[in-house]
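Asks: Next up is a structure, given as structure tokens.
Bear in mind that the values in this text are calculations on the coordinates, not laboratory data. What you see is a predicted model, and the numbers here were worked out from it, not measured in a lab. Note: ideal-geometry Cβ built from the backbone for every residue, glycine included; neighbour counts use all protein chains shown.
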Amino acid sequence: MKESFEEPTPHFKWPDIEAEGGEFERVAKKFEIDESVLMFQARDGELVDLDEDMWSNLENTDSNRFSPGDLETAHRFAAEAGRDSHNLLHRIETGETLDAPIIMQIGDTYHLVAGNTRLMVARAKGIRPKVLLFSVDTL
């Protein structure tokens, strides 16, 4: 059975890249890439709709480990990571626009830099989110 999502929504906007500096630092260490290069590349990224193929193959996320509409699992995964999914859920339900999750494409791999909880809440609500997608060339 094909999963269903709402059409892309205006719930997500261009993220504050500098505010996610700690996440960029973590990813830079993992991939052995200079953090400033990653942040520079992210600034050249695009705000795109997260399609199901990219989402299902995305690394470093719990959001593709449960079905759309499964709010209970989203809250459990967020709590296990020490994150507040209830606040994000409330913000989405009241129409607040959130910073888009950030995804790095390196080769054929999609790796979540920032926004796991945002993605989990979006999936639990059946929302297809917009994400900041940027590419890094492999050497």
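Asks: Work out the length of the dipole vector of the range 17-69 about its Cα centre, built from +1 on the beta-carbon of each Lys and Arg and -1 on the beta-carbon of each Asp and Glu, and round it to the nearest 20 debye.
Replies: Taking the Cα centre of the range 17-69 as origin, the dipole is about 220 debye.
Asks: Shifting gears a bit: Which angle from 0 to 90°, rounded to the nearest 10, does the C-alpha axis of helix 21-31 make with the longest principal axis of the chain?
Replies: Result, in degrees: 60.
Asks: Hey, another quick one. Arrange the following residues from fewest to most other Cβ atoms within 10 Å of their Cβ: THR94, THR73, THR117, THR109.
Replies: Lowest count first: THR94, THR109, THR73, THR117.
Asks: Still on this structure: With N denoting the number of residues in the range 37-118, provide Rg(C-alpha) divided by 2.2 N^0.38 Å, to two decimal places.
Replies: The reported ratio for this selection is 1.15.
Asks: Still on this structure: Report the gain in length on full extension from SER56 to ARG76: 0.36 nm times residue separation, minus Cα-Cα distance, nm rounded to one decimal.
Replies: 5.2 nm
Asks: Please report the relative contact order for the chain, taking Cα pairs under 8 Å with a sequence separation of at least 6, and give it as a percent rounded to a whole number.
Replies: 40 percent
Asks: Taking +1 at the Cβ of each Lys and Arg and -1 at the Cβ of each Asp and Glu, which of THR73, SER36, THR109 sits farthest along the dipole of the chain towards its positive end, judged by Cα position relative to the Cα centre?
Replies: Of the listed residues, the answer is THR73.
Asks: Right, something else. Please rank PHE12, PHE134, PHE31, fewest neighbouring Cβ atoms within 10 Å first, as an exposure proxy.
Replies: Fewest-to-most ranking of PHE12, PHE134, PHE31: PHE31, PHE134, PHE12.
Asks: How much mean residue ellipticity at 222 nm does the chain get from its helices, if each DSSP H run of length 4 or more adds -39500 (n - 2.57) and you divide by all residues, to the nearest 500 deg cm²/dmol?
Replies: -11000 deg cm²/dmol
Asks: Taking the square root of 5 times each eigenvalue of the Cα gyration tensor, what semi-axes in Å does the equivalent ellipsoid of the chain have, largest first?
Replies: Its equivalent ellipsoid spans semi-axes of 24, 15, 15 Å.
Asks: In the range 54-97, what trypsin sites (Lys or Arg not before Pro) fall in a loop by DSSP, with at most 13 other Cβ atoms inside 10 Å?
Replies: Answer in residue order: ARG65.
Asks: Restricting to lysines 8 or more places apart or on different chains, can you count the pairs in the chain with Cα atoms under 30 Å from each other?
Replies: Lysine pairs meeting the criterion: 9.
Asks: Continuing with the same structure: Just grab the label-to-label distance for LYS29 and ASP49, each label 7 Å out from Cα along the Cβ direction, in nm (one decimal).
Replies: 3.8 nm
Asks: Starting from 0.36 nm per residue, how many nanometres of slack lie between ASP16 and ASP137 once their C-alpha separation is accounted for?
Replies: Answer, rounded to one decimal: 41.3 nm.
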